[in-house]
Amino acid sequence: MVTTPEQLERAMSALRAGTGPVAVDAERANGFRYSQRAYLIQLRREGSGTWLIDPIPFGEPADLSPLADAISDAEWVIHAASQDLPCLNEVRMLPDRLFDTELAGRLLGYPRVALGTMLEELFSIRLLKEHSAADWSTRPLPADWITYAALDVELLIDLRDRLSAELDSAGKTEWARQEFDALIAGASVPPEVRPDPWRRTSGIHKVRNRRGLAVVRGLWLARDRIAAELDRAPGKVLTDLSIAEAGADNELTPRSIRGIPGFRRRVARQYEATWADEIVAAQALPEAALPPMHIASDGPPQARLWASRDPVAAKRLARVRERLTKRSADLELPAENLLTPEYVRRLAWRPPSEISEETVDATLAGYGARAWQRDLTVELITPLLEP
């Protein structure tokens, strides 16, 4: 365990002196904390052993860029890197080279790519995952959690070597390289802020009028502020379903929310005055200030609605999906890895005004499709985009 500057210096010296790739993992407190910060970072390298870095004593957020510099010469091996890279970036740790064992497994057509499953299938070693959903902000960390965390990087290098050889044999190494590079590039880009994030509240479909939506909006935003201040997961403050139930109640009053079970939970009760203020404010809004029932989107509608809204586009989408499904089966990889489903929907809904391989390729590149994906799909699907 590394919790002091002196221990960090020793860890950096050891890792710098090691050889080969570095296995990297991070543990967060999903479902417990508001932040997505790393509460433990595990590193293992041949010749240097395993080091478990506790970022908390090093600041909020910690600056672990010296640690990243110590292993900058190495390829970092991470399982499901899209989950860990954002919190590693927060502490200024991003790789120059990456190997994602989960993504490699997908490209190779493995039906199940969880770390424990792959280790059991390829090495006949069972990795217990009983602490995967633990509250890693807990201090001190229990001894069995520490052992669990160390074991998460114990065999990552072995897994990487096995999958790398399989990628070579399958002719998919370049595909993987482009995917890994895209993960690194994307990790340093701030996440896109969704408009009206409160509209994703679970159960909001039960709210039938704009006044109810205003209640949902007010309660959701208040809960988000409180959760951020407390650094608690929003659902630990007030559940989505409680917010939606309040919005769906046309007879709602500041006092009647006590009849909704979620508002009677201990944390929620502490902020009863806040919930009441939001309800009063929402009910006092003039009609013009109420949120619309739906917001326009520049993207395509849900695919199930295409047949009624644009039958030609619906047929186009069906043709493209069918061809891509067959192609992905031939290549032994999931269709969503051959070409991102969102890109497929956007292309089928509104193809280029002039359909050619060049315009389709440029459109997909603009969406973010990698070169290897376009090489395998553009020629295939371009004729299917014609009316």
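The values are calculated or read from the model by the stated rules, or taken from the named source; none is laboratory data. All values reported here derive from a predicted model rather than from experimental measurement. When we count neighbours, we look across all protein chains shown, and the Cβ atoms used for this are built from the backbone with ideal geometry, even at glycine.
Is segment 169-178 home to any residue that is touching a residue at least 60 places away in the same chain (Cβ under 8 Å) and part of a loop (DSSP other than H, G, I, E, B)?
From segment 169-178, those touching a residue at least 60 places away in the same chain (Cβ under 8 Å) are 170, 172, 174-176, 178; that's our starting set.
After this cut, where a residue has to be part of a loop (DSSP other than H, G, I, E, B) as well, the list is 172.
Yes: one or more hits.
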Scan 144, 161, 168, 152 and give me the residue that is assigned by TED's automatic domain parsing to the domain that holds residue 23, touching a strand residue (DSSP E or B) at 6+ places or on another chain (Cβ under 6 Å) and charged (D, E, K, R). 152
Give all pairs with beta carbons closer than 6 Å in which a residue from segment 337-348 that is closer than 9 Å to residue 367 by Cα meets a residue that is among the small types (Gly, Ala, Ser); count only pairs at least 6 apart in sequence or on separate chains. 343/369
When residues of segment 1-58 are filtered for being in a strand (DSSP E or B) and within 21 Å of residue 81 (Cα to Cα), how many remain? 19
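Among the listed residues 69, 73, 158, 84, identify the single one that is touching a residue at least 60 places away in the same chain (Cβ under 8 Å) and under 18 Å from residue 21 (Cα atoms). Quick ask: steps written out before the conclusion?
On the way: 69 fails: touching a residue at least 60 places away in the same chain (Cβ under 8 Å); 73 fails: touching a residue at least 60 places away in the same chain (Cβ under 8 Å); 158 fails: touching a residue at least 60 places away in the same chain (Cβ under 8 Å).
Only one candidate passes the filter, namely 84.
Considering 333, 376, 380, which residue is in a loop (DSSP other than H, G, I, E, B), more than 30 Å from residue 247 (Cα to Cα) and among the hydrophobic types (A, V, I, L, M, F, W, C)? Outline the logic, then answer.
On the way: 376 fails: in a loop (DSSP other than H, G, I, E, B); 380 fails: in a loop (DSSP other than H, G, I, E, B).
Testing whether each residue is in a loop (DSSP other than H, G, I, E, B), more than 30 Å from residue 247 (Cα to Cα) and among the hydrophobic types (A, V, I, L, M, F, W, C) leaves just 333.
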Please go through (1) closer than 21 Å to residue 94 by Cα; (2) under 22 Å from the mean Cα position of the chain (by Cα); (3) in contact (Cβ under 8 Å) with a residue 60 or more places away in the chain for residue 133 and return the number of the only condition it doesn't satisfy. (1)
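Across segment 227-240, what is the number of residues that are assigned to a helix (DSSP H, G or I) and β-branched (Val, Ile, Thr)?
Of the residues in segment 227-240, the ones assigned to a helix (DSSP H, G or I) are 227-230, 234-237, 240.
Next, from what is left, pick out any that are β-branched (Val, Ile, Thr): 237.
Qualifying residue count, segment 227-240: 1.
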Tell me which of these residue 298 doesn't satisfy, since it passes every other one: (1) of a type outside the set (S, T, N, Q); (2) part of a helix (DSSP H, G or I); (3) under 30 Å from residue 199 (Cα atoms). (2)
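Listed here are the residues, each with its yes/no results for (1) loosely packed, with under 13 Cβ neighbours inside 10 Å; (2) at pLDDT below 95.
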position	(1), (2)
292	yes, no
309	yes, yes
327	no, no
335	no, no
347	no, no
351	no, no
356	yes, no
360	no, no
363	no, no
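Each row is one residue, and each column tells you yes or no for (1) crowded, with 16+ Cβ neighbours inside 10 Å; (2) part of a helix (DSSP H, G or I); (3) in contact with a helix residue (DSSP H, G or I) (Cβ under 6 Å, 6 or more places away or on another chain); (4) basic (Lys, Arg).
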site: 222; (1), (2), (3), (4): yes, yes, yes, no
site: 225; (1), (2), (3), (4): no, yes, no, yes
site: 242; (1), (2), (3), (4): yes, yes, yes, no
site: 245; (1), (2), (3), (4): yes, yes, no, no
site: 251; (1), (2), (3), (4): no, no, no, no
site: 257; (1), (2), (3), (4): yes, yes, yes, no
site: 262; (1), (2), (3), (4): yes, yes, yes, no
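Just to be sure I understand, how many residues within segment 200-209 are surrounded by fewer than 16 Cβ atoms within 10 Å (Cβ to Cβ) and either assigned by TED's automatic domain parsing to the domain that holds residue 92 or in a helix (DSSP H, G or I) (or both)? Give the derivation first.
Quick first cut of segment 200-209, residues surrounded by fewer than 16 Cβ atoms within 10 Å (Cβ to Cβ) only: 200, 202, 205-206, 208-209.
Now restrict to residues that are either assigned by TED's automatic domain parsing to the domain that holds residue 92 or in a helix (DSSP H, G or I) (or both): 200, 205-206.
So the count comes out to 3.
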Starting from residues that are out of contact with any helix residue (DSSP H, G or I) (no Cβ under 6 Å at 6 or more places or on another chain) and part of a helix (DSSP H, G or I), keep the ones in segment 282-295 and report whichever is nearest to residue 243 (Cα to Cα). 283
Which members of segment 57-79 meet the condition of being in contact with a Phe, Trp or Tyr (Cβ under 7 Å, 6 or more places away or on another chain) and surrounded by fewer than 22 Cβ atoms within 10 Å (Cβ to Cβ)? 75
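Among the residues of segment 104-146, write down those that are surrounded by fewer than 13 Cβ atoms within 10 Å (Cβ to Cβ) and part of a helix (DSSP H, G or I). I'd like the intermediate steps shown before the answer.
Taking segment 104-146 and keeping what is surrounded by fewer than 13 Cβ atoms within 10 Å (Cβ to Cβ), we get 111-112, 124, 126, 128, 130, 133, 138-140, 142-144.
Correct list: 143, 144.
Could you run through segment 1-28 and say how many residues are touching a residue at least 60 places away in the same chain (Cβ under 8 Å) and under 24 Å from residue 98 (Cα atoms)? Show your work before the answer.
Initially, segment 1-28 is screened for residues touching a residue at least 60 places away in the same chain (Cβ under 8 Å), giving 1, 20-21, 23-28.
Now narrow it down to the ones that are under 24 Å from residue 98 (Cα atoms): 20-21, 23-28.
The total comes to 8.
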